1. Out of the helices (runs of 4 or more DSSP H) lying entirely within region B:119-184, which hold 2 or more residues that are under 15 Å from the mean Cα position of the chain (by Cα) and at pLDDT 90 or above?
2. Here's a check for you: in region B:1-19, which residue that is hydrophobic (A, V, I, L, M, F, W, C) and in contact with an Asp or Glu (Cβ under 9 Å, 6 or more places away or on another chain) is nearest to residue A:90 (Cα to Cα)?
3. Quick one: how many residues across region A:527-568 are more than 20 Å from residue A:406 (Cα to Cα) and either crowded, with 19+ Cβ neighbours inside 10 Å or not hydrophobic (A, V, I, L, M, F, W, C) (or both)?
4. Out of (1) farther than 30 Å from residue A:589 by Cα; (2) surrounded by fewer than 22 Cβ atoms within 10 Å (Cβ to Cβ); (3) in contact (Cβ under 8 Å) with a residue 24 or more places away in the chain, what's the single condition that is false for residue A:508?
5. Residues of region A:241-256 being surrounded by 24 or more Cβ atoms within 10 Å (Cβ to Cβ) and away from chain B (no Cβ under 12 Å), which ones?
6. Among the residues of region A:84-92, are any closer than 17 Å to residue A:492 by Cα and modelled with pLDDT of 95 or more?
7. Taking region A:184-227 on its own, how many of its residues are in contact with a Lys or Arg (Cβ under 7 Å, 6 or more places away or on another chain), buried (at least 24 other Cβ atoms within 10 Å of the Cβ), away from chain B (no Cβ under 14 Å) and of a type in the set (A, V, I, L, M)?
Amino acid sequence: MTADPRAADRRTYLPLDPSLAPPGTRGFRDAGGIPADQWHADQNGETLVPTHCCFCGVQCGMYLRVDRGGKVFGVEPRNHDINRMRLCPKGINAYQQVNHPDRLTAPLMRRSRDEDFREVSWDEALDFTVSEITRIQQAHGNDAFGLLGGASLFSEKTYLVGKFARVALKSRHVDYNGRLCMVSAAGANKLAFGIDRAGNPFSDILLTDCLLIAGSNVGECFPVMTQYVWGARDRGASLIVIDPRETAIARTADIHVALKPGTDSAFFNAVLNVIIEEGLTDETYLAAHATGWAEVKATVAAYPPSRAAGICGVPAEQIVQVARAFARAPRAMAWHARGIEHHSQGVENCLSVINLCTATGHIGKPGAGYGTITGQGNGQGGREHGQKADLLPGGRSIMNEEHRRQICEIWGIEESELPPAGTSMMEMVWQMQRREIRGLIGICNNPFVSLPNYKVVKAGYDATEFHAQFDFFLSETAANAHVVFPVTTWAEDDGVMANAEARVVKHNKAQDPPPGVRTDTWVMCELAKRLGAGDKFAFADSREVFDELRIASAGTVNDYYGITYERLEETGGIVWPCPSTDHPGTPRLFEDGKTYHPDGKIHMQVVEWHPPMDPYDDEHPMALTTGRTVAHFLSGNQTRRLGALVEQTPRPWAEIHPSHGFRNGEPVRVVTRRGSEVFPALVTEAIRPDTVFIPYHWPVPTAANALTIDALDPRSKIPEYKVCACRIEHAEKIDEVPAPPVAPGHIAYPETQVSRTDPLPPTAPQGRGTSERS
Amino acid sequence: MMGRTIFIDPGRCIGCQACVSACRECDSHRGKSMIHLDYTDEGRSVASLPTVCMHCEDPVAPCAEVCPADAILVTADGVVQQADTTRCIGCANCVNACPFGVPKIDLQAKLQLKCNLCYDRTAYGLAPMCATVCPTGALFYGTLEELQAERPGVQVADSFVFGESEVRTGVAMVVPADRVQWPVPGGLPVVEINGKDVRR
């Protein structure tokens, strides 16, 4: 095509003057200028505080932009080993919650649920809480008061939650919302390997030849991990995705197995069956490094592809293809997430994947191994130091006498004072309903949205005589409480988290908390003081807690002793176990062929498939499965307040196959044995015809968890979120999505679009280009 | 061919909209995103595609060409800037002219807004915000050599044909290596205008 004669004029109209480039740059489009780290600091008098994202288990490095007044006002990507500048939309928008108008800035209190909240002094809120704890425990025993923590807390705080429950409250009832996350994988890893963590770092994904991703919507739930997946594919690795939906990752997979929810272990057993049939097992490895192989082999013989194909609703050929691709690859890896873990046989599903890796010898080598992808930022670290009902710091068992003695010595209490194991999060709610637990403190969790079977959860909480909640926004659960303590965000305190690789990373304080807000550590220590255990909780800051945590973990499998704040700042993260301050950490496990069992072997476990707990019948013929969207995090208490994320995904939907005859956007009623709700239909061929998908980040009346079943895995006690029986019907209209409850005196949603500056186009960038225009 | 620029690889896009959020964080148009995320086969697939300004080169960017106020300026290094606020009259001619559907009009301010390749960042040696954060590399900022070093065998195109018009762009797009053809078909061919078959 002939060039437009005006083009040349237009080009020369705007000469670029290189002398206008800032000092230190080599040219306007040259990438070799000022290092990213110094840019804002140099130009605008800002400071960039290195820290990590508060959300998922990838724990991307980021800088928080802090203005001259000491306030967080933006984010800048950080070239950290984990994410190499990458961020997902949640990470980019996370900073907006720090100075969000919905922040709670004074304790809220009411003496009964019939009253409205009123803002009170810290002393009044703390004293009332302690008087209620004392009243309930004197009347009904120490175990009548429970504590529920969270896996988004720093490890220092999760350590304090466990210690506070057992030493200050003297109650056995402590658990955490990581119970809803990766406990199935943790249980399986502990059974098979004697250690509860992923075997390989993310960077090993780049080295693998075959990547199997089971039950993980990596593109939406862990977007930054995708760069490792695509990196492996660039090298020619094959990709196998097991998921009932064609997710963004599944779309480009070499083999996408769209199996029916709740049939994972039958599928993996059949894959192992084919591997054995075709002589693709690594018998030398098995003989040297595994126990239980003969029993596993005998069990999977009953799962030929023809049988599994019927159970799973996938072609038998696919099972054979997966077996060949995984077993023949020189190096293969398996990563899984909630898709196979949120089941009444979640532990067994994970064990069936471990059996695959073990039988093919794909363990403990660069590019070969297994891992679970953590949903919550500190899902890994959150259970390592005693927040889980059955665990003491360092991953010690609360049932083990030697472990109990060790911890009592560190805590300075008698062993008789240390309570036994408690019950899991869902079981505690059942106990609340039965009035066995009459008082509860919740820290950093929102069970009204995140636990299954909402009616049971609501009834349990309503039955409590006293309920206090720590949070920085008034969550749906906090709105049910008697006392709400306003606490800090992740940007207002120091602390560590362990990501999905078990890499401990340090979060740094970027701003002072708003007036009236205290750290969770301070609140727990104040409550402990008022409960008469102040001498055991004399912590001034996170560092002091971390130093006690290090000592409490020394010598255990989860050894943090060699990890210090200084080392974390120097290295960008250390993977435990790290027993001494000159130890480099352990990014890859089992390189010496030894596991953490006394015999050093992998203990393979027999897995038999059984159907999901909610049976299908004529009334409920379809499978309901739940999951996340990329814009929202867990119960949505944080992300449903951030304008950009609300705009991206304003409401939930029911994803269904076109074969049901619905139009896109049409109201569709999803009915389970727990209730029914109406959602707009998202009609797509990317889901199985017998399956419905609903994202779970919203409260009633569009709460996926009002429909899901509170059946638990018998070992991990994780709820079966990923499958229950349902039917779909035409509906008249869609119920409105409720706005998050808002604290009194604060600006209401949705006018909280936060910290946006002048929406008009600024002139500065053009200024450099246009200065010589005329 | 192109120097340091954005390469769009739809095959890698996971539709997460990190680019959209990142674009909102740009200091030059904070609070508004200049990126479109399109679902190319909705109802059948989750395939998605981010669209940034393609910074058309030859002929001069259509948006700049039709601007009656001469508000859209092109820098010597080929960056098509967003409309100069002192000149823009908010007429939306640029919106109609752009074959990629990029410019937006802020109706309240009566001003045009579009991607300016993060001039505020690239001027300081940083990559544009969208390409910096993109978790998958669906938006890549660098030279063709850098892209090909990272992704062996990758093929790109920077010429697109719309009907009988061909547009060469400063931003390039990754195309399937086994189906490389230039120019790449862009959009639907124009067949009929005001009831008349314009192919004749």
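The values are calculated or read from the model by the stated rules, or taken from the named source; none is laboratory data. Computed from a prediction, not measured in an experiment: that's the story for all the values here. Because the Cβ atoms are built from the backbone with ideal geometry, glycine has one as well, and the counts that use them run over all protein chains shown.
1. On the way: elements: B:119-122, B:129-133, B:144-150.
Qualifying helices (runs of 4 or more DSSP H): B:129-133.
2. First pass over region B:1-19, keeping only residues hydrophobic (A, V, I, L, M, F, W, C): B:1-2, B:6-8, B:13-14, B:16, B:18-19.
Okay, now just the ones that are also in contact with an Asp or Glu (Cβ under 9 Å, 6 or more places away or on another chain), so B:1-2, B:14, B:16.
Numbers: B:1: 36, B:2: 33, B:14: 14, B:16: 10 Å.
Going through the qualifying residues, I end up with B:16.
3. Residues of region A:527-568 that are more than 20 Å from residue A:406 (Cα to Cα), as a first pass: A:527-532, A:534, A:538-543, A:563-568.
Right, trim to either crowded, with 19+ Cβ neighbours inside 10 Å or not hydrophobic (A, V, I, L, M, F, W, C) (or both) and you get A:527-532, A:534, A:539, A:541-543, A:563-568.
Residues flagged as more than 20 Å from residue A:406 (Cα to Cα) and either crowded, with 19+ Cβ neighbours inside 10 Å or not hydrophobic (A, V, I, L, M, F, W, C) (or both) within region A:527-568 amount to 17.
4. (1)
5. If the condition is that a residue be surrounded by 24 or more Cβ atoms within 10 Å (Cβ to Cβ) and away from chain B (no Cβ under 12 Å), then A:241, A:242, A:244 are the ones that fit.
6. Taking region A:84-92 as the starting set, the residues that turn out to be closer than 17 Å to residue A:492 by Cα are A:91.
Still in the list and also modelled with pLDDT of 95 or more: A:91.
Yes, there is a match, as at least one residue in region A:84-92 is closer than 17 Å to residue A:492 by Cα and modelled with pLDDT of 95 or more.
7. Qualifying residue count for the region: 1.
Matching residues to (1) among the β-branched types (Val, Ile, Thr); (2) touching a Phe, Trp or Tyr at 6+ places or on another chain (Cβ under 6 Å); (3) in a loop (DSSP other than H, G, I, E, B):
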| residue | (1), (2), (3) |
| --- | --- |
| A:361 | no, yes, yes |
| A:371 | no, yes, no |
| A:376 | no, no, yes |
| A:389 | no, no, yes |
| A:392 | no, no, no |
| A:406 | no, no, no |
